[in-house]
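To keep things clear, I will list the structure first and then write my remarks on it.
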Amino acid sequence: MPELPEVETVKRTLNQLIKGKYIDHVTVNLPRIIQRPDDVDAFAFMLKGHTIEGVERRGKFLRILLDGLVLVSHLRMEGRYGLYRKDEPVEKHTHVIFHFSDGTELRYKDVRQFGTMHLFAPGEEFNHPPLSKLGYEPLDDTLTPDTFKEVIGSKKTKIKAVLLNQAYVVGIGNIYVDESLFRAGIHPEIPANKLGDDELSRLYHSIVATLSEAVEAGGASIKSYVNGQGEMGMFQHSLKIYGRKDEPCYGCGGPVFKTVVGGRGTHYCPSCQPDRK
């Protein structure tokens, strides 16, 4: 699933590709992608005649800003956007097409069919699901080390499960939680409220550094992720722990372990990330 760095990269790419384009009409081939309004024809009618003013991100969601509307889009497992000429063949699993007046098309392709789109009046998107219950942005100035300690430090749940919970801090998915915990030297199964102030501070800075580096690398193409121009991210070449089961740890040389925490496959080094049992 695309996480914060990947969605941020898609956002930046789409701003280069579709900003200023005028929507002539919209084609929806898979109605269940459209969550709001609940009428596909109404969705297409509402978008017709609008101009795209820019693209923003909230957590793992894209906010496509139009003149008078906001389209909130979640890529889920394998959703992707691409800009095409209208005469190019439409690939299989292309579920939504935004036809622009200049003869190009923004196409949304989703093999797993889990992606969603919600349409709102500007500002209204923050008062309703899926954005209304999201937590702090980890790369935003509003999440300071002290705020991070307040939000995370009181939770009795295992620290990895806490970090995956989008109600506290958004955008840190499975890959970057493992990387951040390894970087901070913290075992993924330690309850968050058992971490000291120094550990929480170290974890905060590890998260910010890991995500910032991943954004600069264009995200990580572990499975099928590409940006809006079909380009892969490069951060997978910098991963220190994720996906390295039984390989030697970069810190101590011992084998990397894999377990399950919060229902997610979890990589860690028992020597560099000691548990407190």
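Observations
- Chain lengthening between Arg12 and Asn193 when straightened (0.36 nm per residue, less Cα-Cα): 61.5 nm
- Measuring from each cysteine beta-carbon in the chain, the ones with no other cysteine beta-carbon under 4.7 angstrom are Cys252.
- Between 0 and 90°, nearest 10: helix 174-184 axis offset from the chain longest Cα axis: 30 degrees
- Rounded to the nearest 10 degrees, the angle from helix 4-18 to the longest Cα principal axis of the chain is 20 degrees.
- Result for the chain in a Gaussian network model with C-alpha springs under 10 Å: among Leu164, Leu62, Leu30, the largest mean-square fluctuation is at Leu30.
- Dipole axis of segment 3-63 (+1 Lys, Arg; -1 Asp, Glu on Cβ), positive-most option in Val26, Met46, Asn15: Asn15
- Simple label model, 7 Å out from Cα along Cβ direction - Asp275 to Arg32, nm: 3.8 nm
- Each Lys or Arg adds one and each Asp or Glu takes one away; over the other residues whose Cβ falls under 14 Å from the Cβ of Phe61, this sums to +2.
- A Förster radius of 22 Å combined with the Cβ-Cβ distance from Lys258 to Glu213 puts the calculated FRET efficiency at roughly 0.45.
- Over the chain: helical MRE at 222 nm, DSSP H runs n ≥ 4 each giving -39500 (n - 2.57), nearest 500: -7500 deg cm²/dmol
- Taking every alpha-carbon pair under 8 Å whose residues sit at least 6 apart, segment 145-268 reaches a relative contact order of 24 percent.
- Listed peptides 167-173, 250-256, 98-104 appear in the order 167-173, 98-104, 250-256 once ranked by packing, highest mean of other Cβ atoms within 10 Å at the front.
- Acute angle (nearest 10 degrees) that the helix 197-216 long axis makes with the longest principal axis of the chain, alpha-carbon atoms: 40 degrees
- Cβ-Cβ FRET estimate between Ser201 and Glu137, R0 fixed at 22 Å, reported to 0.05: 0.75
Read-outs throughout are calculated quantities, based only on the coordinates presented, and are distinct from any laboratory measurement. Quick caveat: nothing in here was measured; it's all calculated off a predicted structure. A quick note on method: Cβ atoms are made from the backbone with ideal geometry, for glycine too, and the neighbour counts reach across all protein chains shown.
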